[in-house]
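Below: the structure, in structure tokens.
The values are calculated or read from the model by the stated rules, or taken from the named source; none is laboratory data. Quick caveat, the model's predicted, so the values are computed rather than measured. Here the Cβ positions follow ideal geometry from the backbone for every residue, glycine too, while neighbour counts run over all protein chains shown. Quick note on the areas: whole protein, heavy atoms, side chains included, nothing else; ligands and nucleic acids left out. Shrake-Rupley method; radii C 1.70, N 1.55, O 1.52, S 1.80 Å.
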Amino acid sequence: MKSIIVHGGAWDIPDDMLGDHRNGVSSALSAGWDILTNGGSALDAVQAAINKMEDDPTFDAGRGSFVNMAGQIELDASIMDGRTMRAGAVAAVRNILHPITLARAVMDKSEHVLLVSDGAMRFAREQDIPFCGADDLLVGREFERWKEIQTRPAYSGREAFAGSTNPGDTVGCVALDDQGNVASGTSTGGTPNKYPGRVGDSPIIGCGTYAVNSVGGVSTTGWGEAIIKVVLAKSIIDAIDMLKMTPEDAAQHGISILHSRVEGYGGVIVLTKKGKFGIAFNTPRMARAYMSDEISEPVVTV
Ligand code: GLY
């Protein structure tokens, strides 16, 4: 049984960006699905799908990411292998187009789970992970947003996510391969105008990403400060495992906790060990796509 689900962020995606989001999640899904159908692993499928969205300037991940208060782009990512429960993550890395690839290297080639900033970049050099120029990550849309924010007397991440209308284009993927292995990953540029060194939920295992073969996997998107406080990804896995919720109900349960306990906004994708999907969000829209052996065509929705 093979299944894969991707997301490209939950927010009030404007009408004129719907096509780009649809195309972006669709092409990421295809990249991951191709790997699964050729006998590849869930981990490789997750990495390939996320690499596609990191390349795509539509999303707040890799190229196209938000700019921080200091005018830099700092990226976070994590990946988890549900078979072994190994995990790798990086935070606040600069000049790397594919932070999920670096997170995978942390998982595969170090004894650690999370490396940050200069240490993560030193590890990237040791592992021959390609570096790029800052201009390769920056797009005009985000430079304009950053300039506009600098004209405001005050602006905070809470302002960016406390309402449902602000951008949150974090990307993620969960996959199940024919061997019954689940993997999950998430990649992001974080929040607009974030404080330098700020780290959100995406690289925190249990918050942005979680996978365990006996249950399934989750990737989240939304306001990281809120998501961290409710340990969102692991809370959803626990709801399936211990409360015996369906993936749909567990996804909704996670978003309800996020909103009722910490006034958070965001979205989640869930995939169980049996290849069943759950999706929930409390923003006007969320870009997502999924495919499995049980359906004839990919489902792509924004
Ligand atoms: N969920 C992405 C972030 O807050 O960094």
Put Ile205, Ile227 in order of accessible area, largest first, probe 1.4 Å, and you get Ile205, Ile227
Using a 1.4 Å probe on the protein chains only, how many percent of the accessible area of the chain belongs to carbon and sulfur? 50 percent
Which cross-chain or sequence-distant (5 or more) residues have an amide H under 5 Å from the amide H of Asp169, H modelled 1.01 Å from N in plane? Asp60
Could you point to the residue in Thr272, Val262, Ser292 farthest towards the positive end of the stretch 259-302's charge dipole, with +1 and -1 charges on the Cβ of Lys/Arg and Asp/Glu respectively? Val262
Among Asn38, Asn282, Asn51, which one moves the most in a GNM of the chain with springs linking Cα atoms closer than 10 Å? Asn38
With +1 on the Cβ of every Lys and Arg and -1 on the Cβ of every Asp and Glu, and nothing else charged, how large is the dipole of the chain about its Cα centre, in debye rounded to the nearest 20? 600 debye
The summed charge of the Gln72 Cβ neighbourhood (under 15 Å; Lys/Arg +1, Asp/Glu -1) stands at -1
Testing the spin-label approximation: label points 7 Å from Cα along Cα→Cβ at Lys229 and Gln72. State their distance in nm. 2.8 nm
Ala92's amide H: which non-local residues (gap 5+, or another chain) put their own amide H closer than 5 Å, with H modeled 1.01 Å from N in plane and none for Pro or chain starts? Leu75, Asp76, Ser117
Summed residue charge, Cβ within 14 Å of Gly39's Cβ, Lys/Arg positive, Asp/Glu negative: -4
Please give the charge dipole size of the stretch 211-302, origin at the Cα centre, charges +1 on K and R Cβ atoms and -1 on D and E Cβ atoms. Round to the nearest 20 debye. 140 debye
Sequence neighbours fewer than 8 away in the same chain don't count; with that in mind, list the lysines whose C-alpha is under 18 Å from Lys244. Lys234, Lys273, Lys274, Lys276
Please calculate the 1.4 Å probe accessible area of Val299, with all protein chains present, and give it to the nearest 10 Å². 50 Å²
At 27 angstrom or more along the helix axis (alpha-carbon based) and mean Kyte-Doolittle of -1.0 or higher, what helices does the chain contain? Whole DSSP H runs only. 18-37
accessible surface per residue for the chain, probe 1.4 Å, DNA/RNA/ligands not counted, whole Å² -> 38 Å²
To the nearest 10 Å², what's Ser30's accessible area with a 1.4 Å probe? 60 Å²
What FRET efficiency, computed as 1/(1 + (r/R0)^6) with R0 = 22 Å and r the Cβ-Cβ distance, is obtained for Asp135 and Ser110, rounded to the nearest 0.05? 0.15
Quick check: net charge around Gly190, other residues with Cβ under 10 Å of its Cβ, Lys/Arg +1 and Asp/Glu -1? -2
Placing unit charges on C-beta atoms (Lys and Arg positive, Asp and Glu negative, everything else neutral), compute the dipole magnitude of the stretch 1-153 about its Cα centre in debye, rounded to 20. 320 debye
Among all the aspartates and glutamates, which ones have a C-alpha under 16 Å from Lys2's C-alpha, if same-chain residues fewer than 8 places away are not counted? Asp34, Asp44, Asp81, Asp177, Asp178, Asp293, Glu294, Glu297
Please work out how much accessible surface Asp178 shows to a 1.4 Å probe, ignoring ligands, DNA and RNA, in Å² rounded to 10. 80 Å²
If Met85, Met291 are ordered by their accessible area, calculated over protein heavy atoms with a 1.4 Å probe, which sequence runs from highest to lowest? Met85, Met291
Please give the FRET efficiency for Arg145 paired with Thr37, using the beta carbon to beta carbon distance and R0 = 30 Å, rounded to the nearest 0.05. 0.20
Heavy-atom accessible area with a 1.4 angstrom probe orders Thr37, Thr191, most exposed first, as Thr37, Thr191
CD proxy at 222 nm, helix term only [per DSSP H run n ≥ 4: -39500 (n - 2.57); per residue of the chain; nearest 500]: -11000 deg cm²/dmol
